[in-house]
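The values are calculated or read from the model by the stated rules, or taken from the named source; none is laboratory data. No experiment lies behind these values; they were computed from the predicted model shown. With ideal geometry, Cβ positions are generated from the backbone for all residues, glycine too; neighbour counts draw on all protein chains shown.
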Amino acid sequence: MSPTLPMPFRPTRLLVLSGALWALGGCSFAPAPAAPEPLERLPEAFAEAESPGAYTPLRWWEGYGDPTLDRLIDTVLAANLDLVEAMSRVEESRALAGIATADLLPSLNGSASAGRSSNPNNAGFGRQIAALLGGASGDSTGAMPDSAAAAPPDRFESTDYSASLALSYELDFWGRARNDREAALRDLQASESDLQSAVLGVLAETITAYFDLSDLRQRIEVSREIVDVLRERAALTQTRYDRGLVGSFELYQIRQDLRNTEAALPQIEALLHDARGRLAVLAGRYPTELAPLLAETRLPSDPFADLPSSIPADLLWQRPDVRAAGLRLESARFRVGARRAELLPRLSLTGTLGLQSAEADGLFDLSQWFSNLTTGLTAPLFQGGRLRANVRAQEARWVQQSAAYGRTVLTAVAEVEAALARHRLERERFAFLTSQLDEASASVDLQSRRYSSGVAGYADYLDALRTRLTVQSTLSAASRDYALSRLGVHRALGGSWLDGAAVPPAPPTASDGPAGGLDASDSSDAPAGALDASNHSDAPEGSFLP
């Protein structure tokens, strides 16, 4: 009876089957995108946006019109260590995204080996060969034949050379690797938004410290002038007291005002050194290195009153923290799909192609090729509940990110409204103090003329001069506060207020889900407490949850 030959292996059948499975492998278990409830009630414009204007620079700090500030910011952006740290986090996220992308691709490894083996004929591999040779003599027990001519050698030796390529690939049938990749890409984009947040924060700290420095310098100068006036006024009062023209109370009152002003000067100078130190740290320099750049600083004399007449709420999407929160919500959503896919079997392909020879010279003989192609299916049968716990944990993170996103949007709207209101009120305060300074200057001129004509005394002139200097110091602080209120609007809006064409797009909605994702109206596969915007019947009042 002829032996039955095995069915020849046809790799094409396996490839066709794998291709069919790949074509069907568009499944994704990521839940449908769902926006937090506060986004549905987002106003179209902010209530406090009311003054006309068309200020739209991308380098928005140039609106202060201060070349020294512009040079300082360029220095800070080039050397700030916080930004270096934030940029390295972006590179880390980019590398992690590359790792996640690599899981979608086949892995190819090359290997080469050379080996020589030597085995006795009565043990191990040598015994097996000896038994086979002994079978030819008719000994059914496999014992060694007695004939010396038929006796095998005492040792069996062999040499083997091989070189091969090994290919392995997991068919992402359930979308596990694709969802992990999408999540990693969203994390990368969120880290880029974090970098923009860091830039905005560094700019705000730099501008604040710069205007603090300018205000403190001006206040020190004015305070010294007030001290000079009070000393002259105290000397005049002392003379009048010696003549019996005034009582001791007036003399003591003037001296007390003088001592209070003198005592405040060291405190202001300490704040000045603190502002210099803050700027030096922001610029990545030592204070002495930054001193030449800060030799001349100033406050805006009339800080801008040109906010746009209507600021759309869509500008919130240019806030880096809002974008980052939305992207992290999307990342958590995709990771839910990836963890769900881990509950299902994995299909993998492995293949090897190489050359093998007993002689080194024959290693590159193409007739010495060998190959192997296999497919494998791995299913998680029992993991002690670990995989399902991973799914529940990731679903909980998804809900957390949705709540964080809604809170970030609400906070952003509140900050913009507060910043716009503060800018309006600081502008009014600045206008009032400017008028007060004009009136105080007019009073000084009047008292100077009255003293020159002999109608009023010199003390009246000194009192008027002191009042003007006090108002001037208050106006300096008001100018700083007004300029920083403008900064507050920039920071609340994430930079400048651009025209509509330049506004970044809003975060993804339900129509932007992954291919094969669940429909937004179907929440049957969503996690418990998932944020489906179409269903809020079970949510507690004020909750973002459905």
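Some points to look at:
- Some residue of region 444-456 being among the basic types (Lys, Arg) and touching a Gly at 6+ places or on another chain (Cβ under 8 Å): no
- When region 360-369 is filtered for residues that are surrounded by fewer than 16 Cβ atoms within 10 Å (Cβ to Cβ), closer than 14 Å to residue 114 by Cβ and in contact with a strand residue (DSSP E or B) (Cβ under 7 Å, 6 or more places away or on another chain), the ones remaining, listed by number, are 360, 364.
- Of all residues in region 265-283, those that are in contact with a Ser or Thr (Cβ under 8 Å, 6 or more places away or on another chain), within 24 Å of residue 84 (Cβ to Cβ) and part of a helix (DSSP H, G or I) total 2.
- Residue match in region 406-422 (condition: part of a loop (DSSP other than H, G, I, E, B), among the hydrophobic types (A, V, I, L, M, F, W, C) and either surrounded by fewer than 17 Cβ atoms within 10 Å (Cβ to Cβ) or out of contact with any Phe, Trp or Tyr (no Cβ under 6 Å at 6 or more places or on another chain) (or both)): no
- Those residues of region 99-118 which are of a type in the set (D, E, K, R) and not in a strand (DSSP E or B), in sequence order: 103
- The residues on offer are 284, 244, 277, and the sole one that is on the phi > 0 side of the Ramachandran plot and modelled with pLDDT of 90 or more is 284.
- Just one of the listed residues (261, 288) is in a helix (DSSP H, G or I), surrounded by fewer than 16 Cβ atoms within 10 Å (Cβ to Cβ) and among the hydroxyl-bearing types (Ser, Thr, Tyr), and it is 288.
- Whenever a residue of region 347-372 is more than 18 Å from residue 110 (Cβ to Cβ), its partners that are outside any strand (DSSP E or B) and modelled with pLDDT of 85 or more, lying with C-beta atoms within less than 7 angstrom and at least six residues away or across chains, give the pairs 347/173.
- Here 222, 229 are screened, and the one residue that is more than 22 Å from residue 69 (Cβ to Cβ) and over 20 Å from the mean Cα position of the chain (by Cα) is 229.
- The conditions of being aliphatic (A, V, I, L, M), part of a helix (DSSP H, G or I) and either surrounded by fewer than 12 Cβ atoms within 10 Å (Cβ to Cβ) or modelled with pLDDT of 90 or more (or both) are not met by residue 166.
Here is a yes/no grid of residues against (1) surrounded by 16 or more Cβ atoms within 10 Å (Cβ to Cβ); (2) in a loop (DSSP other than H, G, I, E, B); (3) in contact with a strand residue (DSSP E or B) (Cβ under 7 Å, 6 or more places away or on another chain):
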{"residue": "328", "(1), (2), (3)": "yes, no, no"}
{"residue": "333", "(1), (2), (3)": "yes, no, no"}
{"residue": "340", "(1), (2), (3)": "yes, no, no"}
{"residue": "351", "(1), (2), (3)": "yes, no, yes"}
{"residue": "371", "(1), (2), (3)": "no, no, yes"}
{"residue": "381", "(1), (2), (3)": "no, yes, no"}
{"residue": "393", "(1), (2), (3)": "no, no, no"}
{"residue": "397", "(1), (2), (3)": "yes, no, no"}
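- Residues satisfying the stated conditions in region 305-344, i.e. modelled with pLDDT under 80 and touching a Gly at 6+ places or on another chain (Cβ under 6 Å): 306, 307, 308
- Residues of region 107-128 that turn out to be of a type in the set (S, T, N, Q) and either at pLDDT 90 or above or touching a Cys at 6+ places or on another chain (Cβ under 7 Å) (or both), as a count: 3
- Residue satisfying all of: in region 430-461; of a type outside the set (Ser, Thr, Tyr) and touching a Leu at 6+ places or on another chain (Cβ under 7 Å); modelled with the lowest pLDDT among these: 459
- Yes/no for residue 436 being at negative phi and in contact with an Asp or Glu (Cβ under 7 Å, 6 or more places away or on another chain): no
- Verdict on residue 321 being under 38 Å from the mean Cα position of the chain (by Cα), over 17 Å from residue 396 (Cα atoms) and surrounded by fewer than 24 Cβ atoms within 10 Å (Cβ to Cβ): yes
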